[in-house]
């Protein structure tokens, strides 16, 4: 084969997701088959934006097919990852362009979520056509605006493992007669929490999209939803259950209200996102619910668990193994293509087995200047099915006087007090 002077770089940004190694492997194999030199850049944008050539060289590795031929089975990332934001680092974007040019890279594959794609867009813009970018969308949150409701890679594996974990919690709750609060990842959208809850048949799920998007979410309303479900379950003869809640609910709580809760730290990451790991949403709900029952003279022990970090580095299931191979292959084909639809720096999408590039300038929200978010559609049939199988207070519950008396009795209230307390939840 003739010598090829093209060089391609690969980096991973943001949080881990099952299938990262599959993309790295597929890009490397297809690029090598086209006589390209492949450089794996460690730790996302971290060393590129620093602008120190020696530091960069210490964190770049040339990748060969023998290095990656079996890594698609494995979770994690052989290139690691970071949340470094090129835009927030002084001269970060310009440094990244200069370092990529030092390496002789003329093609770049970035793997990550909305923040990583935004960084790629800014670096591509500064490179002014000298480096062509392909971004492979990754997030277990499943919140990137892919066409035809295509999932982001990693989501299906995270949902699969999450559903297994919640199923086990449901059996534990039944066996021990207790309630669990399981927090799932989903900063902006509740797809993962809802997918886990729907697949496992959890007692109920709460996602931020069910609340008015123009207002902060009152933490007491979240607790009212759970407490109402608990009392309804008791009236039905079951004193146990599992709530799955999306961590994005915490991002919609009032910062002022959060600061008043003992032990809560309100801090922000380099991309300006509130650090949800510091808020401990499940613990806040647990303590409030236990306090409510204690005021009625009853000891109620809830167990809160965050299942988010457990899911991110799981070995990918076959769906994501296959999906990431498609994405990595098509990223290289996009970069090498001279087709008109492949001229602009784009996010890589594979729809029905076909490459469908989404140009950066078409997927950026004009208000936030970042990738648009795909939210849970609470008007969709899929959401309505999920909601219909949850145990939550409904209008018909409060219209049934006998059932209201039962729920009020287990809550040590009068029927009138019960209706006055919870009626607003059912509209």
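The values are calculated or read from the model by the stated rules, or taken from the named source; none is laboratory data. Bear in mind the structure is a predicted one, so any value in this text is a computation, not a measurement. In this analysis, Cβ positions are derived from the backbone assuming ideal geometry, glycine residues included, and neighbour counts consider all displayed protein chains.
Some notes on this structure:
- Any hit, region 27-34, residues being touching a helix residue (DSSP H, G or I) at 6+ places or on another chain (Cβ under 9 Å), part of a loop (DSSP other than H, G, I, E, B) and in contact (Cβ under 8 Å) with a residue 60 or more places away in the chain: yes
- Total residues in region 300-322, condition in contact with a strand residue (DSSP E or B) (Cβ under 9 Å, 6 or more places away or on another chain), surrounded by 20 or more Cβ atoms within 10 Å (Cβ to Cβ) and closer than 30 Å to residue 21 by Cα: 5
- Only one of 297, 353 that is exposed (fewer than 15 other Cβ atoms within 10 Å of the Cβ), over 26 Å from residue 165 (Cα atoms), modelled with pLDDT under 95 and not assigned by TED's automatic domain parsing to the domain that holds residue 246: 353
- Residues that are in a loop (DSSP other than H, G, I, E, B) and crowded, with 19+ Cβ neighbours inside 10 Å, drawn from region 201-239: 202, 203, 207, 217
- Restricting region 310-325 to residues that are in contact (Cβ under 8 Å) with a residue 60 or more places away in the chain and assigned to a helix (DSSP H, G or I), the residue that is farthest from residue 141 (Cα to Cα): 325
- Checked against (1) surrounded by fewer than 19 Cβ atoms within 10 Å (Cβ to Cβ); (2) modelled with pLDDT of 95 or more, residue 147 meets all criteria but (2).
- Selection from region 198-224 of residues that are touching a helix residue (DSSP H, G or I) at 6+ places or on another chain (Cβ under 7 Å) and within 27 Å of residue 14 (Cα to Cα): 198, 199, 205, 206, 207, 208, 217
- Listed by first and then second residue, the pairs with beta-carbon distance under 8 Å, at least 6 apart or on different chains, first residue in region 382-396 and outside the structural domain of residue 234 (by TED's automatic domain parsing) and farther than 21 Å from residue 240 by Cβ, second part of a helix (DSSP H, G or I) and modelled with pLDDT under 95, are 395/426.
- For the residues 426, 376, the requirement of being in contact (Cβ under 8 Å) with a residue 60 or more places away in the chain, touching a helix residue (DSSP H, G or I) at 6+ places or on another chain (Cβ under 6 Å) and outside the structural domain of residue 208 (by TED's automatic domain parsing) singles out 376.
- Some residue of region 242-252 being out of contact with any strand residue (DSSP E or B) (no Cβ under 8 Å at 6 or more places or on another chain) and surrounded by fewer than 18 Cβ atoms within 10 Å (Cβ to Cβ): no
- Considering region 53-110, the qualifying helices (runs of 4 or more DSSP H), each wholly inside and each with 2 or more residues that are crowded, with 22+ Cβ neighbours inside 10 Å, assigned by TED's automatic domain parsing to the domain that holds residue 122 and at pLDDT 95 or above, run over 92-102.
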